[in-house]
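For reference, the structure discussed in these notes is given below.
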Amino acid sequence: MKGITPHYGLGEVYGRQGKLQESVEAYKEVIRHRPDYADAHFNLGWAYSVLGRFEEAIEPYKKAISLKPALAIAHYNLGSAYLRMGRYEEALKVGEEAVRLFPDEALFHF
């Protein structure tokens, strides 16, 4: 398995510094090299969400979930993005699926 690129670390550092557009670009570069890396997709979705770009966050969250279904926080963030966009039916569907998959997670309260 290929290792992660140095861009992953850059994405984290940029994100912590509030340099979210730089974080987005770094995670896109990771995904270019490692399209199978669920955490990079999740972090890209997170950066978009923090920027308020919820529509753009949807696909990275979905991709993270498809690659790593047990990533509970990705389900939560996907539902939250739908909720923030006023897409209540989709948020409800994601929330119900998350409760089914993770019945004991305290995370789900949207």
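The values are calculated or read from the model by the stated rules, or taken from the named source; none is laboratory data. As the structure is a prediction and not an experimental result, all values here were calculated from the model. Neighbour counts are summed over all protein chains in view; Cβ atoms, including those assigned to glycine, are modelled from backbone coordinates with ideal geometry.
The condition (being modelled with pLDDT of 95 or more, under 11 Å from the mean Cα position of the chain (by Cα), of a type in the set (A, V, I, L, M) and buried (at least 21 other Cβ atoms within 10 Å of the Cβ)) is satisfied by just one residue among ILE65, ILE58: ILE65.
Just checking, does region 70-82 include any residue being of a type outside the set (A, V, I, L, M, F, W, C) and either on the phi > 0 side of the Ramachandran plot or surrounded by fewer than 17 Cβ atoms within 10 Å (Cβ to Cβ) (or both)? No, the conditions are met nowhere in region 70-82.
The condition (being of a type in the set (Phe, Trp, Tyr), part of a helix (DSSP H, G or I) and in contact with a Lys or Arg (Cβ under 9 Å, 6 or more places away or on another chain)) is satisfied by just one residue among TYR27, TYR14, TYR8: TYR8. In region 80-103, the residues that are more than 15 Å from LYS62 (Cα to Cα) reach residues that are among the charged types (D, E, K, R) and surrounded by fewer than 16 Cβ atoms within 10 Å (Cβ to Cβ) with C-beta atoms within less than 8 angstrom, at least six apart or across chains, in these pairs: MET85/GLU55.
Residues checked against (1) buried (at least 20 other Cβ atoms within 10 Å of the Cβ); (2) touching a helix residue (DSSP H, G or I) at 6+ places or on another chain (Cβ under 6 Å):
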residue	(1), (2)
PRO6	no, no
GLU25	no, no
GLU29	no, yes
PHE42	yes, yes
GLY95	yes, yes
